[in-house]
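None of the figures in this text is laboratory data; all of them are computed from the coordinates on show. A quick note: this is a predicted structure, and the numbers were derived from the prediction, not measured. Cβ atoms come from the backbone with ideal geometry, glycine included; neighbour counts cover every protein chain shown.
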Amino acid sequence: MVSAESIRAGFGGRFGGEPSVVVRAPGRVNLIGEHTDYCGLPVLPIAIDRATFIAAAPTADGILRATSTAFPAQAEIARSAPRHQSEPWHQYLSGALHELAAVAPGRGANLFIDGDLPAGGGLSSSSALTVGVISALAAAWGSPLEPVEAARLATTAERHAGAETGGMDQQAIALGRAGNALRIEFLPPAVRYVPLPEGLAFVVAYSGQDALKGGSVRDAYNERVVGTRIAALMLADMLGVELEGTPLLGNVAGIDAAGVMVVELPDQMAPRNAANAVEANVERVIQFATSHFDSARKVPVKRYAQHVLSEAERVDAAEVALAAGDLKAFGRLLNESHDSLRNDCRCSTPALDKVAAAMRKSGAFGARLTGAGFGGYAVAACPPAKVQAVVEAAVAATGGPAFEVTASDGLSFA
Ligand code: GLA
């Protein structure tokens with residue numbers, strides 16, 4: 001069991017002495033609202049009781065040295081030249097250094113990183129690492145950050161590490177609250193706590209396949225970002241709405257006719273053709289912080305938009321079901337979300353389908369993939385008395401691991 005004490009001891013063993021700061025950055029499980037955040041539409045995640053711990057102490061030499069029990073290769077990164085790391089987890093460290101360039105320049109730090117949050121995609125281990133490292137370094141260098149600020153900087157840091165994320169994960173990790181889900185909105189930014197009713201437990205289950213958002217999944221993820229931007233551009237044109245900047249479905253979702261017009265969208269279209277059709281600059285559709293997207297590549301448009309617009313409605317309905325304590329209705333919404341992710345967003349896998357089905361069959365109210373999909377984890381909502389059966393069914397389906405998670409507090413100093 002990882003604790004503040006064990007990580008202090010680990011720090012002492014590696015670097016000698018005591019850390020000046022220990023940060024706990026939990027993972028997150030998104031309950032519903034998948035592939036909506038980058039469209040500016042709401043999400044409903046929880047922070048969980050599995051976390052990454054970071055022990056930090058400042059040094060005088062301008063070098064960041066970091067050891068992780070979960071990842072290979074110790075990091076040694078000069079603050080003066082943080083970019084160009086080949087080891088994937090070092091890229092998150094260098095992204096963090098880049099965001100903190102103005103804080104205590106010239107100083108370095110020693111970091112010891114440990115935890116019980118599995119990597120592999122779905123539980124946001126990379127965002128927990130980035131939010132936690134930013135928060136620990138800023139505090140060690142004498143300029144502690146508000147959690148919401150650490151989340152903001154981590155989102156940019158991860159984009160520079162190549163993962164074009166929508167911003168849900170970092171906020172859930174920074175702002176989570178025990179016993180609550182968070183409804184996070186983006187247009188304009190807002191967070192509201194949604195109390196979880198009695199009689200509701202959560203199990204997460206690994207599908208057996210990794211889905212790393214900074215790696216194998218990046219291109220498939222970006223395709224969905226581009227497809228939904230094309231949909232927003234074209235719907236706005238059909239509805240006679242002017243959109244500034246990056247076109248987001250969240251800018252048109254509130255217009256009644258949008259739900260009807262979505263069937264008029266093309267099945268597939270290349271960004272270049274979409275931009276030409278509405279006389280827009282193609283860069284508005286394919287702009288990413290680091291990755292390149294071919295403007296001539298055809299991407300699905302209608303189905304991605306249908307998923308996103310229907311998912312946003314399910315987020316609202318899920319919040320109503322939680323407030324009413326209607327856990328069957330909540331479970332049905334999770335199932336419908338999974339079906340939409342499989343059929344329209346097309347980001348499920350046979351293993352995720354299988355584990356979700358097994359968890360439903362063993363007594364869950366509902367189950368769905370969580371996070372970007374393409375592998376990683378699924379989540380089930382179930383009665384507390386069924387947790388054991390649901391865990392066993394999940395392990396039988398895919399080999400595990402599967403375990404209960406509870407809604408926990410976000411980022412904290414231990
Ligand atoms: C990943 C991203 C999030 C979000 C989900 C899909 O986890 O990091 O920002 O887009 O995928 O809902």
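Points worth noting:
- Residues in segment 5-19 carry Karplus couplings, in order, of 5, 5, 6, 5, 5, x, 4, x, x, 7, 10, x, x, 10, x Hz; the curve used is 6.51 cos²θ - 1.76 cosθ + 1.60 with θ = phi - 60°, and Gly or Pro positions show x.
- Viscosity 1.567 mPa s, 4 °C: Kirkwood-radius Stokes-Einstein D of the chain over Cα pairs, µm²/s: 60
- Geometric descriptor of segment 4-196, per residue, is 107 Å³ (volume of the convex hull of the Cα atoms).
- Computed over the chain: relative contact order in percent, which uses C-alpha pairs under 8 Å that are six or more apart: 22
- Maximal additional length on extending the residue 149-residue 116 stretch stands at 9.4 nm, based on 0.36 nm per residue less the C-alpha distance.
- Relative contact order of segment 4-196, pairs being alpha-carbon contacts under 8 Å that are 6 or more residues apart, as %: 27
- Toward the positive end of the charge dipole of the chain, with +1 on the Cβ of Lys and Arg and -1 on the Cβ of Asp and Glu, the farthest Cα among 254, 68, 320 is that of 68.
- Spin-label model distance (nm) - residue 102 vs residue 257, 7 Å beyond Cα toward Cβ: 4.4
- With the convex hull drawn around the C-alpha atoms of segment 356-414, the volume per residue stands at 110 Å³.
- FRET efficiency, 1/(1 + (r/R0)^6) with R0 60 Å, evaluated for residue 60 and residue 339 via beta carbons: 0.60
- In this simple spin-label model, placing a label point 7 Å from the Cα along the Cα-to-Cβ direction at both residue 190 and residue 78 gives a separation of 4.8 nm.
- Remark: spin-label model distance residue 328-residue 409 equals 3.8 nm, labels positioned 7 Å along the Cα→Cβ axis.
- In sequence order, calculated HN-Hα J values of segment 151-160 (Karplus, 6.51, -1.76, 1.60; Hz; x Gly/Pro): 5, 5, 5, 5, 4, 5, 4, 5, 4, 6
- Zone residues, segment 259-282, relative to residue 297, backbone N less than 17 Å from point 7 Å out along Cα-to-Cβ: 268-275, 282
- Under Karplus coefficients 6.51, -1.76 and 1.60, residue-wise ³J(HN,Hα) of segment 65-72 in Hz, glycine/proline x: 10, 9, 10, 10, 6, 8, 10, x
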